[in-house]
1. Considering only residues that are surrounded by fewer than 13 Cβ atoms within 10 Å (Cβ to Cβ) and touching a helix residue (DSSP H, G or I) at 6+ places or on another chain (Cβ under 7 Å), which ones fall in the stretch 201-211?
2. Which of the residues that make up the stretch 141-157 are without any contact (Cβ under 8 Å) to a residue 12 or more places away in the chain and part of a loop (DSSP other than H, G, I, E, B)?
3. Within the stretch 396-405, track down each residue that is within 31 Å of the chain's Cα centre (by Cα) and surrounded by fewer than 16 Cβ atoms within 10 Å (Cβ to Cβ).
4. Among the listed residues 459, 448, identify the single one that is modelled with pLDDT of 70 or more, assigned by TED's automatic domain parsing to the domain that holds residue 422, assigned to a strand (DSSP E or B) and closer than 30 Å to residue 432 by Cβ.
5. Can you name the residue in the stretch 7-43 that is in contact with a strand residue (DSSP E or B) (Cβ under 9 Å, 6 or more places away or on another chain) and surrounded by 16 or more Cβ atoms within 10 Å (Cβ to Cβ) and, of all such residues, is nearest to residue 349 (Cα to Cα)?
6. Looking only at the stretch 495-511, filter to residues that are exposed (fewer than 12 other Cβ atoms within 10 Å of the Cβ) and in a loop (DSSP other than H, G, I, E, B); which one of those is modelled with the lowest pLDDT?
7. Yes or no: the stretch 357-370 includes at least one residue that is under 25 Å from the mean Cα position of the chain (by Cα) and either farther than 19 Å from residue 404 by Cβ or not assigned by TED's automatic domain parsing to the domain that holds residue 478 (or both).
8. Limited to the stretch 379-413, what total is found for residues that are modelled with pLDDT under 75 and either over 24 Å from residue 323 (Cα atoms) or assigned to a helix (DSSP H, G or I) (or both)?
């Protein structure tokens, strides 16, 4: 099946949900490989399996399906001729026990699942293998009683270990050695029992050093008096390993002799896991078996999109007998795209042997391919426009379309000039029909409605819309073209009917009286709160403008005061008024530490002196330097001959 179709219709999402109902990785991998089939007989067998699994699931909450954990690893070991570990053998025993339970379980289900129940009888219980494994393997290790030799060897090991510990404990408790011992604890190093001795006293203990601490302060010594016992212990442990290996080899050979039977068991169990995953999913979506045909006829009765679930509005859709092309119109967000996806996805699911959420009597046509163009498909990396992307997909669809394909196209001809887009849409629909394809398309163009109404083999469909609530009903109506609701909606929302009439004339080149519709539908009251908010904002603007005008007048009338900061227009700088206005209308302004005469017309208030300086501030600090201020102070007290202050003016 086309990869783009798989992605756009959400088929992979269905598979991901289906995998959640499988227990084994083998079944999940099979679901990953699942794809729509084209052979009617194969599809019907797969659907029959799903139907029988659903019947069992409805009656039994607990089905003895083994999770096949570790079975892939066991299969690989068989191929490589490796010896099984005790854990492997326990897994094999667990599988064989579940095979036994499954056969008993399926024997009772013959009347509701005659085909599926038969698969269990091809399994092999291998009771002798289970008995031998359970006798030899207990809690993940080879049991002592797996053989008389192993039992005797392990008894010797326990006696020797007990003797060694007792001798070492006596050494640790002996006061003679108390000053030499780092810690009263027996441990093991390199499989030998040792005691911790302070490094400086290592020569005071007769024995072999097997390890030392990281700091070097402690050495681990095997005392000479236990060496003979430990040598004997090692010999017995070696004998134990040999016997364990012999037992595991014997069990492994027993299973190798049943490799074919084990392989069949794994295959049957994974197949049951896969089949019951389909049955459980069918129950979850309230799905059912549908009839199949090779005549490209589809009749969906109250179908629901499986990813939307029970909240989806049921879809009734028929195509393939009296007409091969359905053109669906309706408002945006009205459910057109969901309707298309539902048709495509339910078809893919049915061809994959799955149940689909439809009513009894539904039928699905089998298609070799489903070709889809849904969404703008815009690619930033390839710098494709929305229209270019659509056209590229349409060209691919035209190249592949034939009598074995279902073509699903959303918003055909959109993304370009309406006139040219409409022309392309008609040409594409005609070509697809001539190639024998079954076509489901959506459009906004009114001309396409006329094309579908007048062209043999096509039929209109529309998504219903409730003009009273201004909400889509998500319900498809086959045989009726969708009305353009834009004008009715605008009228109901309070737009002047004069504008509506003008819009109708521009669009349809004819006049229409909307007075009857104005009476039929109650006009929704406009949002007074927003209007009032807007008026408040306008008032704020008017207040701000009046304040600005008042400030300009005040600035023009008022004189500048000494200390005011002013803007000198011809210099594009600010300065400070240092002398009052003279008879010529000039002020003394200090700019960059120089005093100049500037006509008041070239001055504008920047900051008033009250905002610049604190009350009773001595402005001489700004206008005179320190030396002149000192001289001024002296002159105010008394006349001093020869003392003068120079003033620079421009």
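The values are calculated or read from the model by the stated rules, or taken from the named source; none is laboratory data. What you see is a predicted model, and the numbers here were worked out from it, not measured in a lab. We place every Cβ from the backbone using ideal geometry, glycine too, and count neighbours over all the protein chains shown.
1. Result: 206, single match.
2. Correct list: 143 only.
3. The answer is 396, and nothing else.
4. 459
5. The qualifying residue nearest to residue 349 (Cα to Cα) is 36.
6. 509
7. yes
8. Residues in the stretch 379-413 being modelled with pLDDT under 75 and either over 24 Å from residue 323 (Cα atoms) or assigned to a helix (DSSP H, G or I) (or both): 9 in total.
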